[in-house]
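Take a look at the structure set out below.
The values are calculated or read from the model by the stated rules, or taken from the named source; none is laboratory data. Since this is a predicted model, take the numbers as computed values, not measurements. With ideal geometry, Cβ positions are generated from the backbone for all residues, glycine too; neighbour counts draw on all protein chains shown. These accessible areas exclude ligands, DNA and RNA; they are computed on the full protein's heavy atoms, side chains included. Shrake-Rupley method; radii C 1.70, N 1.55, O 1.52, S 1.80 Å.
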Amino acid sequence: EDITAVARAISEAESTVAFTGAGISTASGIPDFRSEGGIWDRYDPSEFHYSKFKADPAAFWEKRLELYDEIYGEEIRPNSAHEALAALEEAGHLDTVITQNVDGLHAAAGSSVIEIHGNGQRVACESCDRTAPLDTAREQIENGTLPPECPDCGGVLKPDVVLFGEQLPRVALQQAKRLARDADVLLAVGSSLTVEPAASLPRIATRKGATLAIVNLEETPVSERAEFDIRGDVANVLPAIRDAVESV
Ligand code: OAD
Ligand code: ZN
């Protein structure tokens, strides 16, 4: 019923935008942050602070590589929820995905994506504009260069993700806000919607009259603003929405 109604809203909308969080990737085997067994059960958030990286990039990299093997392992693939969003876009029913995730799975599924927290499969030089694949850093570390160095200027390489204490990428954030402002439907998927400034995107959209549809296992702080608040597993709900859109 809600799924049918969301599908109708999407098929009638001129612009639908998806906004995703870690919950869309749990079915791919990547833990989220705030659920039981999530990242914050295993790591202290202060370990993800930029000051920590600055103080000792070598120690930061050593710790991070364990986690990266888990998150970016060969066997990690997009799941049915990523694929449903890519299929909706392919069929002309979805403009783009804005994501807080750094796992790169939306792009792997074929979606166009705005990554407002960066991408952990990439590294960036602290001293120049150079970016490179994570493997560039991994190979250097395996060969004893720690912290890994920029191939162009020798500067320190950092995972190209937003750490606490860092600004969000300005252009990506502006694009995300503009899309939220212009959307007829905002589909918020697998996010606790608690972290700013990302959490304000649903508010920006609803203030401009957009229909907010949330798909998440649990309630969120903006659930009362949502016209549709679907509590369920995104790996089931998103394919169901895609099917329903196709049969509207
Ligand atoms: P959270 O861990 O805060 O929220 C994930 C949400 O997804 C939770 O509400 C879960 O209940 C839900 N969930 C998990 N698996 C699900 C499934 N299969 N189906 C439906 N819902 C599911 O993750 P985010 O909201 O993405 O930022 O967290 C936002 C930011 O907090 C992250 O990007 C990260 C962190 O600080 C940075 O690292 C900069
Ligand atoms: Zn450099």
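Short version: what are the Cα gyration tensor semi-axes of the range 92-190, square root of 5 times each eigenvalue, largest first, in whole Å? Before the final figure, lay out the partial values.
Values: eigenvalues 189, 42, 21 Å².
For the range 92-190, the semi-axes come out at 31, 14, 10 Å.
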Original post:
Can you give the FRET efficiency for GLU227 and TRP40, using 1/(1 + (r/R0)^6), R0 = 30 Å, r = Cβ-Cβ distance, to the nearest 0.05?
Top reply: 0.50
Original post:
How big is the charge dipole of the range 91-149 about its Cα centre, in debye rounded to the nearest 20, if each Lys and Arg gets +1 on its Cβ and each Asp and Glu gets -1 on its Cβ?
Top reply: 100
Original post:
What is the gain in length, in nm to one decimal, between SER51 and LEU146 on full extension, counting 0.36 nm per residue of separation less the C-alpha to C-alpha distance?
Top reply: 32.4 nm
Original post:
Going by accessible area, probe 1.4 Å, with all protein chains left in place, what is the ranking of SER247, SER80, largest first?
Top reply: SER247, SER80
Subject >> Approximate spin-label separation ASN236-LEU67, in nm, with each point projected 7 Å along Cα-to-Cβ >> reply: 3.1
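What GluC sites (Glu not before Pro) in the range 35-134 are in a loop by DSSP, with at most 11 other Cβ atoms within 10 Å of the Cβ? Show your work: numbers first, answer last.
Values: sites: GLU36, GLU47, GLU62, GLU66, GLU70, GLU74, GLU75, GLU83, GLU89, GLU90, GLU115, GLU126; in loops: GLU36, GLU74, GLU75, GLU126.
Within the range 35-134, the qualifying GluC sites (Glu not before Pro) (loop, at most 11 other Cβ atoms within 10 Å) are GLU36, GLU74, GLU75.
Calculate the dipole size of the range 78-193 relative to its Cα centre from +1 charges on Lys and Arg beta carbons and -1 charges on Asp and Glu beta carbons; express the result in debye to the nearest 20. Show your work: numbers first, answer last.
Values: 8 positive and 17 negative charges, 73 e Å.
The dipole magnitude comes to about 360 debye.
By DSSP, what percent of the beta bridges with both residues in the chain are antiparallel, rounded to the nearest 5? Walk me through the numbers before you get to the answer.
Numbers: 8 of 30 bridges.
For the chain, the DSSP antiparallel bridge percentage is about 25.
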Subject >> Part-to-part distance (alpha-carbon centres) for the range 16-48 and the range 200-248, which is given in Å >> reply: 18
Original post:
Which percent, to the nearest 5, of DSSP beta bridges fully inside the range 20-162 are antiparallel?
Top reply: 65
Subject >> Among ILE76, LEU168, GLY144 - extreme Cα towards positive end, dipole of the chain, charges at beta-carbon >> reply: LEU168
Subject >> Percent RCO, i.e. relative contact order, over the range 27-112, from Cα pairs under 8 Å lying at least 6 residues apart >> reply: 26
Original post:
With every protein chain left in place, what is the accessible area of CYS128 in Å² (1.4 Å probe, nearest 10)?
Top reply: 50
Subject >> Lysine pairs in the chain with Cα atoms under 20 Å, if 8 or more residues apart or on separate chains >> reply: 6
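How much length is gained on full extension from GLN174 to VAL248, taking 0.36 nm per residue of separation minus their Cα-Cα distance?
On the way: separation 74, 0.36 × 74 = 26.64 nm, distance 3.30 nm.
Contour length minus Cα-Cα distance gives 23.3 nm.
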**OP:** At 1.4 Å probe size, with every protein chain present, just tell me what the per residue accessible area of the range 124-248 comes to in Å².
**Re:** 49
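What do the square roots of 5 times the Cα gyration tensor eigenvalues come to for the range 171-246, in whole Å, largest first, as semi-axes of the equivalent ellipsoid?
Details: eigenvalues 82, 42, 27 Å².
They are 20, 14, 12 Å, listed largest first.
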**OP:** Would you mind calculating the relative contact order of the range 72-116 from Cα pairs under 8 angstrom and at least 6 residues apart, reporting the percent as a whole number?
**Re:** 40
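Hey, if we sort LYS52, LYS177, LYS208 by accessible area with the 1.4 Å probe, largest down, what's the order?
LYS208, LYS52, LYS177
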**OP:** First obtain the Kirkwood hydrodynamic radius of the chain from its Cα pairs, then insert it into the Stokes-Einstein equation at 10 °C and 1.306 mPa s, and state the resulting D in µm² per second as a whole number.
**Re:** 85
